[in-house]
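This report refers to the structure that appears directly beneath it.
The values are calculated or read from the model by the stated rules, or taken from the named source; none is laboratory data. Keep in mind that what you see is a predicted model, and the values were worked out from it rather than measured. FYI the Cβ positions are ideal-geometry reconstructions off the backbone, even for glycines, and counts take in every protein chain you see.
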Amino acid sequence: EKNVGKKIIMATKDKRIDAYIAKAKPFAKPILKHLRELVHQACPEVEETIKWSFASFEYKGPFCSMASFKEHAVFGFWKSKLLNDPKGYLGERFNDGGTAMGNLGRITKLEDLPPDKVIISFIKQAKILFFIHYITQFPKS
């Protein structure tokens, strides 16, 4: 439960995501837990689900996801090309990006991630993009 302005938002955590993290390799668990926490911090209204065997986060549609594999984890945004990224964290040069799914390249430890404030900014931007898409697709009559 989170107090957002005058509204109280109930965090929606999916038990399948709990299970997904529990089954992950030991190196990936703190990474996945941390990313999940940042998503909920940046978007209290987020809904969790499993899509294409990835832990996915939705707000008016899927906007980011995370996954873990044998030797690395990944995190990515659906509309990454539209996100403001002046330091190039989402580019192919960050953390050997482009050699792994997701926009942040191969993540093998928490230190591979950009600073929390950068990830939170990306999450908030992605949320806004999906909200704009949603209201333009389904305008009130």
Next on the checklist: Going through Lys23, Lys70, Lys29 one at a time, which residue ends up being modelled with pLDDT of 85 or more, in contact with a helix residue (DSSP H, G or I) (Cβ under 8 Å, 6 or more places away or on another chain) and either farther than 21 Å from Leu129 by Cα or loosely packed, with under 12 Cβ neighbours inside 10 Å (or both)?
Outcome noted: Lys29
Next on the checklist: I need the full set of residues from the range 28-85 which are among the aromatic types (Phe, Trp, Tyr) and under 19 Å from Glu111 (Cβ atoms), in order please.
Outcome noted: Phe69, Phe75
Checklist entry - Given the conditions (1) at pLDDT 90 or above; (2) more than 17 Å from His40 (Cα to Cα); (3) of a type in the set (A, V, I, L, M, F, W, C), which single one is not true for Phe94? => result (1)
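With the structure loaded, tell me whether Glu111 is more than 12 Å from the chain's Cα centre (by Cα), charged (D, E, K, R) and either at pLDDT 60 or above or not in a loop (DSSP other than H, G, I, E, B) (or both) or whether it fails that test.
Working: more than 12 Å from the chain's Cα centre (by Cα): yes; charged (D, E, K, R): yes; either at pLDDT 60 or above or not in a loop (DSSP other than H, G, I, E, B) (or both): yes.
Judged against the criteria, Glu111 is a match.
Is it the case, given these coordinates, that Ala55 is more than 19 Å from Ile120 (Cβ to Cβ), under 11 Å from the mean Cα position of the chain (by Cα) and at pLDDT 90 or above?
Details: more than 19 Å from Ile120 (Cβ to Cβ): no; under 11 Å from the mean Cα position of the chain (by Cα): yes; at pLDDT 90 or above: yes.
No.
Look at the range 14-37 and say how many of its residues are hydrophobic (A, V, I, L, M, F, W, C), within 19 Å of Phe122 (Cα to Cα) and in contact with a Leu (Cβ under 9 Å, 6 or more places away or on another chain).
Residues of the range 14-37 that are hydrophobic (A, V, I, L, M, F, W, C), as a first pass: 17, 19, 21-22, 24, 27-28, 31-32, 35.
Going one step further and asking which of them are within 19 Å of Phe122 (Cα to Cα), we end up with 31-32, 35.
Add one more test, that the residue is in contact with a Leu (Cβ under 9 Å, 6 or more places away or on another chain), and what stays is 31, 35.
Qualifying residue count, the range 14-37: 2.
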